[in-house]
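What follows draws every value from the coordinates through simple rules; no lab data is involved. None of these values were measured; they are calculated from a predicted model. Note that each Cβ is placed from the backbone with ideal geometry, even for glycine, and that neighbours are counted across all protein chains shown.
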Amino acid sequence: MDIKKIINDGTLGMKKAVEWTVNEFNSLHTGKASPQMVENIQVHIESYGMTQRLKDMAAITTPDARSIVVQPFDKAVMDDIRKAIQSANIGINPVPQGNFLRCPVPELSGERRQEMVKVSHRMAEEGKVRLRNARRDALEIAKKGNKDKVVTDDDLKRIEKEIQTQTDNWAKEIDKALKTKESELTGN
C-alpha cells in the first residue's frame, strides 16, 4: 500500500470539501449581482415536462452591480424561468423586458445581512464536516493497511500526522473563505 497515495487521496477529498464550501458561499446574496445567485435554480418547463438548471437554458450576465440579466435560449420558457426565480426565495423579482428578464438585486437590510452571516456559518460547518469525513476515510484506509500488515506502525503514525496537518490547513482555508464572505455580507 502506497503511503503517498493514501495521503494524496485524503488531501484530494479535503480539497473537494473546501471547493464545495466556496461554491456554496458564492450562491449567497451579498447585495451585489452575481450569476452564481441564480445559475443553479431548477426550472420546471411545463411545455417539455422536464426540469433543468437555469444556466443550462439561458445566458446569465450582470450588466451592473445591481442587476442580473437572464436571456433564455428559447423565448417560450421565459415565464417558467420567471416563476422559478421567484419561487427560489432569494429575494429577486424578475421583470420581463423583450426577449430577456432583468432581475434587480435589492439592497440587503441589516437583519437580512445577519441572517446570511448565520447561513454562511452553517455552510462553513458543513464544509468542515466534509473535511473531517475525508480525514476519517484516509485514516481508515491507513489503519486497515496496518491491520493487514501492509503499513508499518511508524508509517501509520506518519500518515496520521500528515493527514491531521492537511486537515488543519484546509480548515484554515474554509475559515479564511468564511471571513471573506462575512466581510462581504456585513460590508466591513
Using the Karplus curve 6.51 cos²θ - 1.76 cosθ + 1.60 with θ = phi - 60°, what ³J(HN,Hα) values do you get for each residue of the stretch 66-75, in whole Hz, with x for Gly and Pro? 10, 8, 10, 10, 10, 10, x, 5, 10, 4
Estimated dipole of the stretch 35-104 in Debye, rounded to 20 [Cβ of Lys and Arg +1, of Asp and Glu -1, Cα centre]: 160 debye
Listed residues Ser120, Met50, Ile7: farthest to the positive end of the dipole of the chain (Cβ charges): Ile7
Would you calculate the separation in nanometres between label points at Asn8 and Glu125, each defined as 7 Å from the Cα along the Cα-to-beta-carbon direction? 3.6 nm
Sort Leu54, Leu101 by Cβ crowding within 10 Å, fewest neighbours at the top. Leu54, Leu101
Just rank Trp20, Trp170, fewest to most, by other beta-carbon atoms within 10 angstrom. Trp20, Trp170
How far apart, in nm, are two points set 7 Å out from the Cα along the Cα-to-Cβ line at Lys32 and at Gln114? 2.5 nm
May I ask for the equivalent-ellipsoid semi-axes of the stretch 35-104, computed as the square root of five times each C-alpha gyration tensor eigenvalue and listed largest first in whole Å? 18, 13, 11
For the chain, the Cα convex hull volume per residue in Å³ comes to 137 Å³
I want to check the label-to-label distance for Lys179 and Arg66. Put each point 7 Å from Cα in the C-beta direction and report it in nm to one decimal. 3.3 nm
Name the residues whose placed amide hydrogens come within less than 5 Å of the amide hydrogen of Ser67, ignoring near sequence neighbours (fewer than 5 apart) on the same chain. Ala33, Val105
How big is the C-alpha Rg of the stretch 1-63 next to the rule-of-thumb value 2.2 N^0.38 Å, as a ratio? 1.68
Estimated [θ] at 222 nm from DSSP helical runs (n ≥ 4, -39500 (n - 2.57)) normalised by residues in the chain, nearest 500: -20000 deg cm²/dmol
Among Ile174, Ile141, which comes first, second and so on when ranked by fewest other beta-carbon atoms within 10 Å? Ile141, Ile174
Estimate the FRET efficiency between Gln86 and Thr165 by the formula 1/(1 + (r/R0)^6), using the beta-carbon distance for r and 41 Å for R0, to the nearest 0.05. 0.30
Got a sec? Which residues in the stretch 56-73 would a label at Arg102 touch, if it sits 7 Å along Cα→Cβ and we count backbone N under 19 Å? 59-72
